[in-house]
Every structure is written in C-alpha cells, then in structure tokens.
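Written below as structure tokens is the structure these notes are about.
The values are calculated or read from the model by the stated rules, or taken from the named source; none is laboratory data. Everything numeric here is computed off the predicted structure, so don't read it as measured data. Virtual Cβ from ideal backbone geometry, glycine too; neighbours counted across all protein chains shown.
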Amino acid sequence: MNCIIPSLLFGLMMMLSSTLQAEPFSLANEGLVLEPAMQDLGKVKEGEHLFASLLVRNNSTRMAQIVDVQASCGCTKAVPAQRILAPGEFTTINIEVDTTGKTGKVKKNVVVTDQAGRQATAWMTLTVLEPDPHNSTMPRHTIFDGECARCHVAPAQGKVTGKAIYGAVCVMCHGNHAQGDYAPDLTKLDDADALFAMISEGVDPRHMPGFLKENGGPLTEKQIHALVKWLLSLD
Ligand code: HEC
Ligand code: HEC
C-alpha cells in the first residue's frame with residue numbers, strides 16, 4: 001500500500017521525461033519553423049512549372065500568424081494553406097516555380113514572417129534541363145515579358161550611370177560587383193565592342209536576352225555604353 005504512491009510518482013516522472021525527449025523540436029526556439037530547411041526538387045525541363053511543398057510549424061507556446069510569405073524571384077509562388085497556427089500546429093506551403101528562361105542549377109528561397117516580425121527561411125535547389133528544340137511547342141517568352149518586366153525591365157528606367165543600371169537589371173543574375181552568380185563573371189571581359197554587342201544582342205538569347213530597346217530589351221544605346229564603361233573599370 002505504502003509503495004503505490006512513490007511508484008505512481010515514478011511512473012509519472014518517466015512518462016513526462018519520455019514525452020519531453022520525444023519532442024522533435026525545442027520550445028526554446030520560438031517562432032515559425034520551415035521543414036525541410038533545404039530540399040532538392042530534382043530535374044525539370046526548361047519552361048515547365050515545378051510544384052513542391054514545405055511545412056511551416058508554429059514552434060512556440062502562443063498562437064502564431066503568418067503575415068507574409070516571400071519567394072526570392074517573382075517566378076516562384078508560395079501560398080500557405082492556412083495562416084493562423086496554434087502552438088505546435090503546422091500547415092503546408094504550396095510552391096510553384098516557373099522555370100522559363102532558367103538553365104542549369106538554380107537556388108530559390110522562401111521566407112515566412114510571423115506577427116512579431118520573426119522570419120524563417122527554407123532553400124530549394126533544382127536543375128533545369130534544356131528542352132528538346134525539335135520537340136518544343138512551348139511559346140518562348142523572356143524576362144522582359146508580362147509580369148517578369150516589373151523586376152527585370154522597369155527598374156532600369158531613367159538610370160544613367162553604369163553602376164545604377166547594373167544594380168537594376170543585371171545584378172540578379174551576374175552577382176554583386178559582376179563577379180558571377182547564376183550567370184558568368186563579367187570582370188575579366190575587356191573588349192568594349194564585344195561587350196556592347198553581347199549586352200545589346202544577347203548571348204544565348206533564351207538565357208541572356210538582348211537588352212537593347214531595338215531588340216526588345218529595356219536599355220537605350222547610351223545606357224549600354226555607360227554599362228560597358230563601368231564593367232571595363234572593374235578588376
Ligand atoms: C518580384 C520581382 C521579380 C519578378 C516579377 C521576376 N523575377 Fe526573375 N529574378 C528576380 C530576382 C530578385 C532574381 C535573383 C535570384 C533570386 O533571388 O531568386 C531573379 C532571377 C531570375 C533568373 C535567374 C535564375 C534564377 O532563378 O536565379 C531568371 C531566369 C529569371 N529571374 C526569370 C524570370 C521570369 C521568366 C520571370 C517572369 C515569369 C521573372 N523572372 C519574374 C526577381 C523577379
Ligand atoms: C536572367 C539572367 C540574366 C540577366 C538579368 C543578365 N544576364 Fe548576362 N548572362 C546570363 C547568362 C545565363 C549568360 C551566359 C549565357 C551563355 O553563355 O549561354 C550571360 C552572359 C552575359 C555576357 C557574356 C559573358 C561571357 O563571358 O561570354 C555578358 C557580357 C553579360 N551577360 C552581360 C549582362 C549585362 C550587362 C546585364 C544587364 C544589362 C545582364 N547580362 C543581365 C544571364 C543574365
């Protein structure tokens with residue numbers, strides 16, 4: 001009789017400690033958590049849309065509200081199935097990536113923000129394959145068309161210096177200081193005429209379209225001369 005209470009207590013303690021250990025996340029890490037933090041979405045043909053999903057978990061002891069979901073490029077949509085989450089509750093974020101104009105390895109991120117301004121980020125990689133040119137009925141459109149123009153065309157408007165133009169419409173592909181990122185390093189190029197031609201007419205037009213207005217791009221001849229001058233000044 002007198003050993004029942006201590007053994008009940010002992011049993012209770014065991015239960016408590018095992019539930020604590022079974023908890024895959026710690027409540028000390030308050031805020032939203034995205035799972036997985038990094039995923040490879042595999043291979044997809046250029047121009048196709050890729051669908052994926054993420055879990056967002058309320059890893060706190062209070063109600064949480066998802067106030068914002070941002071994907072790095074406008075070519076990626078990220079929509080949460082629900083925005084209010086009870087403590088420990090999770091929901092799905094559906095992701096759609098438009099691979100138009102992409103090639104090779106691409107990295108995208110999704111950032112969620114809660115009502116307290118706390119953010120969580122998840123990364124996704126994908127490999128975009130060239131479509132078969134003999135078997136492609138896909139209508140071609142470039143970064144200058146439709147909704148893409150908001151970020152890939154409009155920011156160049158009225159920019160005068162090479163540095164400003166670069167920061168508006170080149171940096172997203174060629175990286176900070178033109179040192180290369182998704183697209184090649186531009187700092188080693190030193191032929192002004194060749195640079196002018198490549199920027200005006202494009203390189204492989206699907207990946208690097210011609211930026212001159214006459215070729216459907218956003219830039220005037222004068223702007224491209226300013227860009228070339230700035231690029232030549234880099235080492
Ligand atoms: C809201 C602004 C925005 C819109 C709209 C937008 N982009 Fe982008 N794009 C970016 C940014 C910023 C990057 C740099 C990479 C990143 O942050 O994901 C980028 C990068 C790219 C790249 C380089 C490869 C890559 O994904 O990193 C391609 C190709 C591209 N965009 C194509 C498009 C196309 C095609 C559209 C229209 C269907 C489009 N973008 C619409 C902002 C935008
Ligand atoms: C949507 C992404 C994207 C944007 C924006 C972009 N480029 Fe490119 N660029 C590329 C890609 C990809 C290549 C490589 C093409 C290939 O070799 O098939 C390239 C190639 C080049 C090259 C030739 C590099 C070499 O070594 O042959 C130059 C020069 C260049 N870009 C300049 C620019 C400038 C200047 C801007 C801004 C006006 C710009 N690019 C904007 C994607 C982009």
Subject >> Within segment 189-207, considering residues that are charged (D, E, K, R) and either under 13 Å from Gly217 (Cα atoms) or within 8 Å of ligand 2 (Cβ to nearest atom) (or both), the one surrounded by the fewest Cβ atoms within 10 Å (Cβ to Cβ) >> reply: Asp204
Original post:
Would you say Ile199 is free of Cβ contacts under 8 Å to residues at least 40 places away in the same chain, in contact with a strand residue (DSSP E or B) (Cβ under 9 Å, 6 or more places away or on another chain) and in a helix (DSSP H, G or I)?
Top reply: yes
Original post:
Would you say Val228 is assigned to a loop (DSSP other than H, G, I, E, B), at pLDDT 95 or above, farther than 24 Å from Cys73 by Cα and outside the structural domain of Cys75 (by TED's automatic domain parsing)?
Top reply: no
Original post:
Got a number for residues in segment 147-180 being assigned to a helix (DSSP H, G or I) and out of contact with any Phe, Trp or Tyr (no Cβ under 6 Å at 6 or more places or on another chain)?
Top reply: 21
Subject >> Qualifying positions in segment 103-128 - of a type in the set (Val, Ile, Thr) and in a strand (DSSP E or B) >> reply: Val106, Val110, Val111, Val112, Thr113, Thr121, Thr125, Thr127, Val128
